[in-house]
Amino acid sequence: MPLCPGTPTPAHSTVTETHVITTTDLTKVYRSRGREVTALDGVDLHVREGEVYGVIGQSGAGKSSLIRCVNLLERPTSGTVTVAGQDLTALAGRGPRAGKELRQARSRIGMVFQHFNLLSSRTVQDNVELPLEILGKSGTERSRKALELLDLVGLADKAKAYPAQLSGGQKQRVGIARALAGDPKVLLSDEATSALDPETTRSILALLRDLNRQLGLTVLLITHEMDVVKSVCDSAALMENGRIVEAGTVSELLATPGSELAAALFPLDGEASGEDRTVVDVTFQGESATQPVISQLARTYNIDISILGAAIDTVGGLQVGRMRIELPGRYEDNVVPIGFLREKGLQVDVPGREAVLAKEGAK
Amino acid sequence: MTWSEMQPLLEQACWDTLYMVGWSTLIAVVGGLPLGILLVLTDRGGLLQNLVANKVIGQIVNIARSLPFIILMVALMTFTRWITGTTIGREAAIVPLAIGAIPFFARLVETAVREVDHGLVEAVQAMGGNTWTVVRKVLVPESLPSLISSTTTTIVALIGYSAMAGTVGAGGLGDIAIRYGYQRFETQLMWITVAILAVVISVIQFAGDYAARSLHRRGAHSGPAPKLRLLKAAS
């Protein structure tokens, strides 16, 4: 059945509570010429079955090492990787070469790459057939499966073309079809959209989303683009210096005060207009979005509220509103109105206060 | 010397050259291809990383490459006799020609295979392919245009080497040019030989280039340059 990428799919989630990818205390240290570089520093990752999980971070944060450790293209220095209940690190054995069991396990994990990595000497169809050749499938079975997958990604008419004749987006579709050839439970996406223009990025992400919904495919993707996380991910993790500094479902993150990821997913601008004023960020999710809380606040406490910025958006299939408002008086004067907003079930962040609160909390 | 005298000489020489170059090219490809691939695989970061083996193979290849062909031919005489039963004639010339060409071709193969994008190797590993799969499905097919060019270069070099095979009585075009043209002052015959050699080499070069190009055309890389956008969150 061909999918129509771009059209929104009904948001019926396929996520279950089973963890399909788990890494425990994963560490990767690169040694070269006596110098040691720690790429992964004790990473615990839990990806639930059926979800799209995004790992975001700047270049050098270790996200690429992380995803390549998941199918052991990169051998972790220590820690374990479990995919679909199988401890891959136990299969790895010693030495750099992958044993038979590890190779079999890899064939059940699909992977797509930033630069597509299609064989230029093969047609599109032959590229998709490659994993099936490795699995030892017969010619007729290979070609049936390849055509079926090309149909699924919307490239049935390009089967006989060579990769060089395709656009970037089409190449990545071939890459995705190829990754699906072994009927994987898990798809790893290594910056799959980073070499694509924004529009193509959207269509590839929509395709990944559709595949996730229709096939129940678990997707672990790494990216440096917040938009990617925003448009497809159920869960996200932020990596810095080889560590995961924040992780959770998108709604959990949005509900976390002072979450860097939440702020980045949903940026708000606007500065306080004077010294004796308090800026407050209010986040609405689901039910609370429908209540006229701001006018209630103004009437109840008889204060003037100015709105510095506001937006409503869909993040991870979730309707979210965010507003930055300014209240007269210092923070100490506004404890009661802020309490009122919290009572109404809204999430209230006071920019600049989190750091102080966190310090107090730590003590 | 009249044309009717030259004609049988030239005909025989052409066949001798083709025979020697043909067989030695075949052996050079059969021997040099795995050797070249091995040089890449055993190198640092290769799939079969083994720096000792890499150094040893590399040194053997270097030494064999730096020996002048005529010396190689003499040095290999015992070996040649062991293989062919004689040290004289076309068959005897094929042995040193092939052995001289194997390391030459191996180095060219190494360069060609090194050009293959490592991402492709990784993709096949991620599919569960082993080293042999990588060699068979990626390294060789992806470097095929370069491998064909390398073969062309090797054939042309072998035609040059084969001129010296005359010293062991193997005949060939180069031998005619030296014996008749140079030593007997048959200038006309020499120039005809040179012309034939030029034509043969041009045809081989053209055919090789054509084959490499037609394979390469479909494989032209045209991926978009990566567009990087900075992450706002973590900055």
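Loop exposure criterion: GluC sites (Glu not before Pro), DSSP state outside H, G, I, E and B, at most 14 other Cβ atoms within 10 Å. Applied to chain A, the longest stretch between such sites is A:18-270. Considering only the protein assembly as shown, what is the antiparallel percent among its DSSP beta bridges, to the nearest 5? Percentage antiparallel, nearest 5: 70. Extension gain, B:Leu51 to B:Ala64: 0.36 nm times the residue separation minus the Cα-Cα distance gives 2.7 nm.
Principal-axis analysis of the Cα atoms of chain A puts helix A:353-362 at an angle of about 80° to the longest axis. DSSP assigns beta bridges within the stretch A:19-254; of those with both partners inside it, close to 55 percent run antiparallel.
Cα extents for chain B along the principal axes, largest to smallest and rounded to whole angstrom: 87, 38, 28.
In percent, rounded to a whole number, the relative contact order of chain B is 25, using alpha-carbon pairs under 8 Å and six or more apart. The phi-based Karplus calculation (6.51 cos²θ - 1.76 cosθ + 1.60; θ = phi - 60°) puts the 3J(HN,Hα) values of the stretch B:52-65 at 5, 4, 4, 5, 4, 4, x, 5, 4, 4, 4, 5, 4, 6 Hz, whole numbers, x for Gly and Pro. Amide H to amide H, with H built 1.01 Å from N, A:Glu246 comes under 5 Å of A:Leu238, counting only residues 5 or more places away or on other chains. Each residue of the stretch A:32-47 was assigned a 3J(HN,Hα) from its phi angle through the Karplus curve 6.51 cos²θ - 1.76 cosθ + 1.60 (θ = phi - 60°); the sequence is 9, 6, x, 9, 10, 10, 8, 8, 10, 10, x, 8, 10, 10, 10, 10 Hz, with glycine and proline shown as x. Based on the Cβ-Cβ distance from A:Gln296 to A:Asp227, what FRET efficiency comes out when R0 is 41 Å, to the nearest 0.05? Here the calculated transfer efficiency is 0.75. Between A:Val245 and A:Thr80, the modelled label-to-label distance comes to 3.0 nm, taking each label 7 Å out from Cα in the direction of the beta carbon. So, R0 is 56 Å and r is the distance between the beta-carbons of B:Arg184 and A:Thr140; what FRET efficiency does that work out to, to 0.05? The value I calculate is 0.25. With a simple spin-label model that places each label point 7 Å from the Cα along the Cα-to-Cβ direction, the separation between B:Val30 and B:Phe79 comes to 1.6 nm.
A cut-off of 5 Å between modelled amide H atoms, ignoring neighbours fewer than 5 places along the same chain, links A:Gly42 with A:Leu26, A:Thr27, A:Lys28. Coupling constants for the stretch B:167-178 follow from the phi torsions by the Karplus curve (6.51 cos²θ - 1.76 cosθ + 1.60, θ = phi - 60°), and in residue order they are 5, 9, x, 8, x, x, 5, x, 5, 4, 4, 6 Hz; glycine and proline get x. When the listed pairs A:Lys171/B:Lys137; A:Lys63/B:Lys55; A:Lys63/A:Lys171; A:Lys28/A:Lys185 are checked against a 28 Å cut-off, the alpha-carbon distance exceeds it for A:Lys63/B:Lys55.
Using R₀ = 45 Å, calculate the FRET efficiency as 1/(1 + (r/R₀)^6) where r is the Cβ-Cβ separation of A:Ser59 and B:Val194; round to 0.05. Could you put the intermediate results ahead of the total?
Numbers: r = 59 Å, r/R0 = 1.31.
Step by step, r from the Cβ atoms, then E = 0.15.
If I fit a long axis through the Cα atoms of helix A:198-215 and take the longest principal axis of the Cα atoms of chain A, what angle between them do I get, 0 to 90°, rounded to 10? Between the helix axis and the principal axis of chain A, the angle is about 80 degrees. Averaging over every viewing direction, what projected area does the convex hull of the Cα atoms of the stretch A:19-254 cover, in nm²? If I average the Cα hull's projected area over directions, I get 13.0 nm². Using Cβ point charges alone (K and R +1, D and E -1), the dipole size of chain B about the Cα centre works out to roughly 960 debye.
Computed from the coordinates by the stated procedures, all read-outs in this text should not be read as laboratory data. Keep in mind it's a predicted model, so treat the numbers as computed, not measured. Note: ideal-geometry Cβ built from the backbone for every residue, glycine included; neighbour counts use all protein chains shown.
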